[in-house]
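Remarks on the structure that follows.
The values are calculated or read from the model by the stated rules, or taken from the named source; none is laboratory data. Note that the structure is a prediction, hence the values are computed from the model and not measured. Methodologically, a virtual Cβ is constructed for each residue, glycine included, from the backbone with ideal geometry; neighbour enumeration extends over all protein chains shown. Side chains are part of the model used for accessible areas, which takes the heavy atoms of the whole protein and leaves out ligands, DNA and RNA. Shrake-Rupley method; radii C 1.70, N 1.55, O 1.52, S 1.80 Å.
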Amino acid sequence: MAEVIQMNENTWRFEDDGVRFFLFCGDEKAALIDSGMKTPDAAKMARELTDLPMILINTHADPDHISGNGAFSEVYMNPEEESNYRDNGGTTAIVPVKEGDIIDLGSRPLRIIDIPGHTPGSIAILDERYRVLVSGDSVEDGNVFLFGPYRDIDKYIASLTHLLEYEGQYDQIYAMHGSIPVKPDLVEKLIDGAGRIKKGEAMGTKLEMFGNKVLLYKFPYAGFLCEMK
Ligand SMILES: [Zn+2]
């Protein structure tokens, strides 16, 4: 059972065995942001915290982020993520969201920022009221997954560079793995790290991950798991 931790009067996080998801409440609506890895009753847990009408938003559709999606008839997601979602068994209808869209929970606008790379339809969510950026798996201080189908390191670097345009609009980053919160300057560090990997300037360690041979590039601030070429 995921552990529930209140972060402010309108925000909760659910710690689900190495991955987390969030409940954000506004004045009129609530949003569950992702639904965890091992929590099919995520919606029910969130229901115990608020009576507001609730929507579901996915930062992306890897299997550790969608375990409770089945309780919803629709999910807000970037449509570029649909193949990954269906491959992982997701059946929910998709309400498409893209860069620049605002989902307003009532005095709590959530701005969608497209950040493809970790997956094709990865999004970040800028919570303008609390000046928080929800970064999915793309900005975190654990190991960023960049191996396997759907990953693209070039798009990843471009997306994080795009995120820099929003610098100054948030004070904290909420990632789905690793520490919480992390500081905004992690974005620049990750751009630098991924760039070094691309240029062949970083040394990776071989390891096996879910049957894949991968290279782990460890930097002081985070790691990257990449395809072994
Ligand atoms: Zn994840």
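I94 - would you say it is assigned to a strand (DSSP E or B), touching a strand residue (DSSP E or B) at 6+ places or on another chain (Cβ under 7 Å) and either acidic (D, E) or closer than 27 Å to G148 by Cα (or both)? Answer is yes for this residue. The sole residue among E81, E99 that is outside any loop (DSSP other than H, G, I, E, B), in contact with a strand residue (DSSP E or B) (Cβ under 9 Å, 6 or more places away or on another chain) and among the acidic types (D, E) is E81. V19 fulfils the conditions (1) within 16 Å of the ligand (Cβ to nearest atom); (2) in contact with a Ser or Thr (Cβ under 7 Å, 6 or more places away or on another chain); (3) on the phi < 0 side of the Ramachandran plot; (4) open to solvent by less than 20 Å² (accessible area, probe 1.4 Å) except for a single criterion, (2).
Residues in the stretch 113-132 that are open to solvent by less than 10 Å² (accessible area, probe 1.4 Å) and within 21 Å of R151 (Cβ to Cβ): I113, I115, G117, H118, T119, G121, S122, I123, A124, I125. Of all residues in the stretch 73-88, those satisfying the criterion of being open to solvent by less than 70 Å² (accessible area, probe 1.4 Å) and either touching a Leu at 6+ places or on another chain (Cβ under 8 Å) or without any contact (Cβ under 8 Å) to a residue 24 or more places away in the chain (or both) are V75, Y76. Determine whether the stretch 151-170 contains at least one residue that is in contact with an Asp or Glu (Cβ under 6 Å, 6 or more places away or on another chain) and either of a type in the set (A, V, I, L, M, F, W, C) or farther than 15 Å from I113 by Cα (or both). So far as the stretch 151-170 goes, no, none of its residues is in contact with an Asp or Glu (Cβ under 6 Å, 6 or more places away or on another chain) and either of a type in the set (A, V, I, L, M, F, W, C) or farther than 15 Å from I113 by Cα (or both). Restricting the first member to the stretch 30-49 and to residues that are among the hydroxyl-bearing types (S, T, Y), and the second to residues that are surrounded by fewer than 16 Cβ atoms within 10 Å (Cβ to Cβ) and not in a strand (DSSP E or B), the beta-carbon pairs closer than 8 Å and six or more apart or on different chains are T39/M1.
The residue that is farthest from Q6 (Cα to Cα), among those in the stretch 139-184 that are of a type in the set (G, A, S) and buried (at least 18 other Cβ atoms within 10 Å of the Cβ), is S159.
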